[in-house]
Amino acid sequence: MESMLWTRLTDGRLRCGLCAHACVLSPGQRGRCGVRCNHEGQPLSLVDGLVTGVQSDPVEKKPLYHFLPGSRTFSVGSAGCNFSCRFCQNHHISRDPLEQERIRGHEATPEMLVEAALRTSCRSLAFTYNEPLVGYEFVYDTARLLKEVGLATVLVTNGQIEKDSWLHLLQYIDAVNIDLKGFTQAFYDWIGGDLETTKAAIAMAAEEGVHVEVTTLVIPGKNDSAAEMAAEAEWLAGISAELPLHLSRYFPRYQVKIPMTPVETLQRLKQVAEARLRFVHLGNI
């Protein structure tokens, strides 16, 4: 997939076309995700075939409440992320590749993951824990194999991916939970991302017939206003009023010490969202 995800520039430089950052890398450099790099003039994914954790979970834990309910999914994590969330709960796998230049994990093949999912009687395999799309090639190869054996592929993602690459992958994806981190570009500036890219990923997945659920982690003073939630819910309802929204409770993690979200805040925002959406769920409470 070199031609789709990478563009060769002059002097041995490469431009990564995976996400909105469009990192231009000289030989030896890594992108903002910490795992896509220019290795002696050749594009390389440092997490192709690398996992940091696996576990059989209820699919509701992803969270997906309206996709294969009551079933189990084989959760797979890798390393790296193209966001810089200062409240990340999995920063040791998402941020270490860039901040510590350290990637710890175990080698695995798509065949090994599919066999493990079948062995544990899971109906799907979920790429989760870190940002799975930074390991696009590994996800793509595994998803194709899962389709062949009749297992579903799930992505838990921030949706920061360029349109062509997203469409190419979606044909093998059955369900996604996309983090809509906030509903202002100011919030996305804080975490190092682009709001419109995530919105486009949500809309495109729904248009392609993929099952879509959305999660917003509610952080006091950052994205917890009723007006912002009303705007988010109205936009989601424009895709479908049946699209499930999960409002998740924030707890202090990593570099952010803002006090945890009051349950009353989540309940208030749930009422706001329910004026436009049929399914609004509260999480981490």
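From the coordinates of this entry, Rg/Rh (Cα atoms, Kirkwood Rh) is computed, and it appears in (i) 1.02; (ii) 0.95; (iii) 0.98 under the label (ii).
Rounded to the nearest whole Hz, the Karplus-based 3J(HN,Hα) values (6.51 cos²θ - 1.76 cosθ + 1.60, θ = phi - 60°) of segment 168-185 follow the sequence 5, 7, 4, 5, 10, 9, 9, 8, 9, 10, 9, 6, 9, 4, x, 10, 9, 5, with x at glycine and proline.
Computed 3J(HN,Hα) for segment 90-105, one whole-Hz value per residue from the Karplus formula 6.51 cos²θ - 1.76 cosθ + 1.60 where θ = phi - 60°, is 10, 5, 5, 9, 8, 9, 4, x, 8, 6, 10, 6, 10, 10, 10, x, glycine and proline marked x. Over the chain, dividing the summed -39,500 (n - 2.57) contributions of all DSSP H runs of at least 4 residues by the number of residues returns a 222 nm mean residue ellipticity of -9000 deg cm²/dmol. Amide H contacts under 5 Å for ALA108: LEU50, VAL51, restricted to partners 5 or more places along the chain or on a different chain, H placed in the peptide plane at 1.01 Å from N.
Database remark: amide H of TRP6 closer than 5 angstrom to the amide H of GLY17 (H placed geometrically; neighbours at sequence offset of 5 or more, or on other chains; Pro and chain starts carry no H). Sorted largest first by accessible area at a 1.4 angstrom probe radius, with every protein chain in place, the residues PHE183, PHE83 fall in the order PHE183, PHE83. Under a 5 Å amide H cut-off, with hydrogens placed 1.01 Å from N, ALA126 pairs with PHE74, SER75, VAL76, VAL154 among residues at least 5 apart or on other chains. Pairs of Lys residues in the chain, spaced 8 or more positions apart or belonging to different chains, with C-alpha separations under 17 angstrom: 7 in total. Each residue of segment 198-213 was assigned a 3J(HN,Hα) from its phi angle through the Karplus curve 6.51 cos²θ - 1.76 cosθ + 1.60 (θ = phi - 60°); the sequence is 5, 4, 5, 5, 5, 5, 5, 4, 5, 5, 7, x, 7, 5, 10, 10 Hz, with glycine and proline shown as x. When only alpha carbons are used to place a centre, segment 65-89 and segment 109-177 end up 11 Å from one another.
The values are calculated or read from the model by the stated rules, or taken from the named source; none is laboratory data. From a predicted model like this one, the values you see are computed outputs, not experimental measurements. These accessible areas exclude ligands, DNA and RNA; they are computed on the full protein's heavy atoms, side chains included. Shrake-Rupley method; radii C 1.70, N 1.55, O 1.52, S 1.80 Å.
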